[in-house]
Amino acid sequence: MSVKEIKYVFLISAEHQTIQFFEAVRHFKLNKRDILLMLFKVGSNINWIDKYILFDLSSKTYVFDNWTIKDLLFNRGKPKEFINIIQNLSVIQAEFILFTSQYFTDATNLAYKILKPKKYYVLDEGTASFRVVFKRQKSQLFNLKLLIKSFIYGHYLEYPPKVIFFSQYSLNVKEFDSIEHYCFVCKENNKLAFIKNEAILLGSSLVEVKAMRQKIYLDLLKIIRKDLGNVRCYYYAHRNENSKKLSVISNLGFEVVVNQKPFEYIYSEFSECPELICSFSSPILDTLSKKYSHVPQFKMYRYNSTLQFKNHKITDMIYDAFAKNSSLIIKNI
């Protein structure tokens with residue numbers, strides 16, 4: 001009886017998710033010829049995909065247009081291309097290990113259903129792993145939306161009974177789930193210089209994902225700007241923030257910087273940077289504190305989670321996790 005080869009399937013839909021892709025490849029010591037990298041074009045910022053199409057690490061790279069529920073009715077070709085590829089892969093003599101940064105998407109559910117992976121890994125996607133843990137702790141005996149989509153796709157969609165979280169965090173997973181912990185390899189960057197009386201605040205998409213009213217978000221920025229005092233402060237915009245909102249933020253005393261690259265990659269290119277970098281509940285500061293030996297001061301501003309429309313418990317879980325990192329200053333506002 002022949003032994004089946006193993007193929008590692010990665011579903012990636014944003015450049016910052018490639019950080020965990022590289023970490024998984026390093027952690028599991030994966031051979032490039034066994035990797036199937038599937039990239040999805042989401043939104044207007046898709047230039048990052050070009051460098052991964054020719055990326056030598058992967059034996060095979062596929063690129064797909066992302067699709068929405070409207071496309072299921074009016075543009076069936078978008079999901080069909082992905083489904084055809086997955087179905088063709090499912091008949092080869094191989095076992096599949098699935099890695100995804102997007103637990104709730106149709107593409108992930110279809111890959112799980114059709115490929116029937118031996119293992120299913122949820123990659124850290126920012127702080128989304130906390131939300132996945134929270135949702136999986138709740139009973140999901142019936143999901144009407146998945147049932148309707150199952151009828152449209154012709155495949156019964158369901159969430160897996162057990163997953164493995166590929167995570168740097170100590171997550172409180174449910175009984176049948178597990179965690180594969182990874183640690184960043186700390187890099188020496190002693191030549192990085194720090195600029196006094198300058199600070200960076202990393203922007204958030206809380207407004208764009210409809211988790212918080214814009215007025216409340218701007219009020220928080222006013223508090224932070226006052227707390228920072230008489231320093232030059234750069235606001236590194238989140239990729240989803242629009243120009244109108246950023247114009248208002250500029251009037252609050254921030255110098256707005258727009259760059260579509262993940263800040264982790266921007267930071268790696270710095271020869272000098274402000275002596276203080278701040279954020280809300282972004283995992284970026286936590287990540288940088290672990291990846292580099294020489295870092296500026298990191299400060300997280302913690303607001304009352306009830307200021308959000310939803311996900312209060314998840315936000316508290318995230319801040320509580322970051323509070324365990326002694327390299328981060330957590331300040332309540």
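The values are calculated or read from the model by the stated rules, or taken from the named source; none is laboratory data. Computed from a predicted model, the values in this text were never measured in an experiment. Positions of Cβ are backbone-derived with ideal geometry, glycine not excepted, and every protein chain shown enters the neighbour counts.
Brief remarks on what is shown
- Sub-6 Å Cβ pairs linking a first residue in region 180-193 that is in contact (Cβ under 8 Å) with a residue 40 or more places away in the chain to a second residue that is surrounded by 14 or more Cβ atoms within 10 Å (Cβ to Cβ) and of a type in the set (Val, Ile, Thr), at least 6 apart or interchain, are Glu180/Ile164, ordered by first then second residue.
- Per-region count, region 43-75, residues surrounded by 13 or more Cβ atoms within 10 Å (Cβ to Cβ), aliphatic (A, V, I, L, M) and either farther than 22 Å from Ile92 by Cβ or modelled with pLDDT of 80 or more (or both): 4
- Residues that are among the polar types (S, T, N, Q) and surrounded by 14 or more Cβ atoms within 10 Å (Cβ to Cβ) were ranked within region 189-210; the one that is nearest to Leu285 (Cα to Cα) is Ser204.
- Looking across region 162-214, the residues that are modelled with pLDDT under 90, of a type in the set (D, E, K, R) and under 27 Å from Tyr267 (Cα atoms) come down to Lys187, Glu188, Lys191.
- Region 257-273, residues that are closer than 24 Å to Ser243 by Cα and out of contact with any Leu (no Cβ under 8 Å at 6 or more places or on another chain): Val257, Asn259, Gln260, Lys261, Pro262, Tyr265, Ile266
- Counted residues, region 79-98 - those being among the acidic types (Asp, Glu) and farther than 16 Å from Gly154 by Cα: 1
- Within the span defined as region 137-154, one or more residues are more than 17 Å from Phe10 (Cα to Cα), within 23 Å of the chain's Cα centre (by Cα) and among the basic types (Lys, Arg).
- Residue in region 288-304 that is in contact with a His (Cβ under 9 Å, 6 or more places away or on another chain) and part of a helix (DSSP H, G or I) present: no
- Qualifying residue in region 266-285 (condition: part of a loop (DSSP other than H, G, I, E, B) and aliphatic (A, V, I, L, M)): no
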